[in-house]
Every structure is written in structure tokens, then in C-alpha cells.
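Novice: This is the structure I have questions about; it appears just below.
The values are calculated or read from the model by the stated rules, or taken from the named source; none is laboratory data. All values derive from a computational prediction rather than experimental measurement. Every residue, glycine among them, receives a Cβ derived from its backbone with ideal geometry; neighbour counts consider all protein chains shown.
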Amino acid sequence: MNKLQQEIKDFHEKLSPALTKVLALYKQGDTRQINREFIKSCKKLLQKCSFKSLMDVSELCSVAYWLYIYGHKELALEICELTHGVDFAYEYSCPGFPELYGLEIRIAREILGEERKGNIPPNLVGYYLSKGVRKKLRYPQILREEITAAHNEGLLRVELIYALYDMIGKGETGLYTELNRNWTKIEETICMYIDYLKLE
């Protein structure tokens, strides 16, 4: 086994206990109100999770956000923190580590009273401040209100989650002046979208 394979194996071994806790939690309760994709993602990641796979990282991001939506903030934070020290050498073309870091900032503030904005890893700062990312993070476009209004029920959930990835995942970093100026409205929208998704 080479160094990279060992790192991937170690990462999966660290992640497995958190995912096992998640599934145990939902086996105890009524899972009819739980997003099926969330449970499916947990099961997939228990089988395999490589931080070099965009799909695996996207699934991991989804699990952490759904845990947050359902109010299991400690478990969501645990998953976010497992990504510390992992070397990510690809472009973030789908939801992943940047969105997890923004979620970590939010949860650490909410449940621990800690401010983690100053701890953003340099490789993520470069991503957050890249031209392509800054261009799409405009207010009020970040709310995705026009898109969410136009979608049917099936696609609405997906759009709301993607809006949360941007508002929390990137907005919580505090790196965007325009978003900071409009944070009160963004925060209201985050809460509204979470309330809707919880009831789905």
C-alpha cells in the first residue's frame, strides 16, 4: 500500500464511526420524514470514502448539511472536522470541502461560541477568492429566489440545498464584502430554507 492509499484508508477509518452513529440514530426513530438520499449517502460512504473522489466528497458534504438541517449539529461538526489536514489537490467543481469549512465555521459559533473564520486553510482562501467563485456570489442572486420559485417540488429541495452550500459554505467565511453587508437577509433566508427542508 502506497502513502496515498494509506492516507485514504486512514481517512475512511476516522469517518466510519461518525457515519455509524448517524445510521444508528435514524434506526431508532421514525425515518419516514428523513431524506432518503441522506441515508443512502451515509451507507455509500461507509462502504467507501476517498478524499480524492469528487463524488465521495460531495456525498460527505451532503451528509454534513443534512445533519445540520435535522439539528444534529455535533455530528455535523464532527464530520467537518475530520477533513482537517487532508490534502486536496483538485479544483472544487462540485460541493465539497469549501462548503464543509463554511458549515464548520457556522456550527462552531452556534454550539461552541468559537470564531473559526481566521483559521481558513490557505488553499481554501485561494479558492474562495478566485474570480469564478466571486463572480457567482452576488447579492441577491445567492438567495436563488427566482430559481427556487420556478422549480417543481422534486427539484426545489436540490436548489435549496445548493443555495445553502453557497450561503453557508462560502458566506460564513466573511470574505465577501457584499454578502457581509446583506447578511441579515441572507441569515433569514438560510433559516427559512432549513425550516422548509426539515419538513420535507
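Novice: Which ranges mark the helices (runs of 4 or more DSSP H) fully within segment 118-200 that have 3 or more residues being of a type in the set (A, V, I, L, M, F, W, C) and either loosely packed, with under 12 Cβ neighbours inside 10 Å or at pLDDT below 95 (or both)?
Specialist: 145-150, 153-167, 183-199
Novice: What are the pairs, 6+ residues apart or on separate chains, where a residue within segment 161-175 that is under 18 Å from E145 (Cα atoms) and not assigned by TED's automatic domain parsing to the domain that holds L67 has its Cβ under 9 Å from a residue that is part of a loop (DSSP other than H, G, I, E, B) and of a type in the set (F, W, Y)?
Specialist: As it stands, the answer is K170/Y176, since those pairs meet every condition given.
Novice: Any residue at all in segment 68-78 that is in a helix (DSSP H, G or I) and free of Cβ contacts under 8 Å to residues at least 24 places away in the same chain?
Specialist: Checking segment 68-78: not a single residue is in a helix (DSSP H, G or I) and free of Cβ contacts under 8 Å to residues at least 24 places away in the same chain.
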